[in-house]
Structures are given as structure tokens and as C-alpha cells.
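The values are calculated or read from the model by the stated rules, or taken from the named source; none is laboratory data. In this text, all values refer to a predicted model and were calculated from it rather than measured experimentally. Virtual Cβ from ideal backbone geometry, glycine too; neighbours counted across all protein chains shown. Accessible surface is based on the protein model in full, side chains and every heavy atom, while ligands, DNA and RNA are left aside. Shrake-Rupley method; radii C 1.70, N 1.55, O 1.52, S 1.80 Å.
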Amino acid sequence: PDFHLTLDTAQRYQKVKGFGGSVTDSAAINILSLSKDAQNHLIRSYFSEEAAPDFPVRLYTYADADSDFELKHFNLTEEDTRMKV
């Protein structure tokens, strides 16, 4: 069957709060080696609304300007340039 998608950019349905991570096989093996309480705490810490999914040393974003859909204000953080790149 054909699939058609129509986007109405004037209509806003939801806000993106952030982008999460993934659980790899090796991460799942390590998580399953924890106690049930520790597993629950880790999953809540990773995926809850208050969580920072990559466990950074501080909370930050890459583009702090509202409605910057073209990402003109995109900027790597000090952590990225100093420790990762």
C-alpha cells in the first residue's frame, strides 16, 4: 500500500525534550548483572525526564536558541572539543 505523509509546519503537536541513548548488547549484559534495585535505579537515571542520558559532568545543549531549526547557533561544548574530538 502507498504511504503518504503531510507535514503542517504551522501546527505544533509536541515538544522534543531531548534525544536519548541506546542500550547495546554489552550494556545490557552489564545492566543484567546488577541487582534488581540497581537495575531500576540505573534505568530511571538514564531515561527519566530529569536524566541526562550520557551522564555528563554538567547539563548542556548544542543549540540554545529557541526556534533555531537551521541550527545556526549549534556549538560543540568544551567537553566535546577537549575530551572527545
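Counting only lysines at least 8 places from Lys15 when in the same chain, those with an alpha carbon closer than 26 Å to its own are Lys72. Each residue, Arg58 and Ala38, gets one label point 7 Å from its Cα in the Cβ direction; the gap between the two is 3.1 nm.
In this structure segment 25-83 gives 85 Å² per residue of accessible area when probed at 1.4 Å with all protein chains present. Put a dot 7 Å past the Cα of Leu71, heading toward its Cβ, do the same for His4, and the two dots end up 3.1 nm apart.
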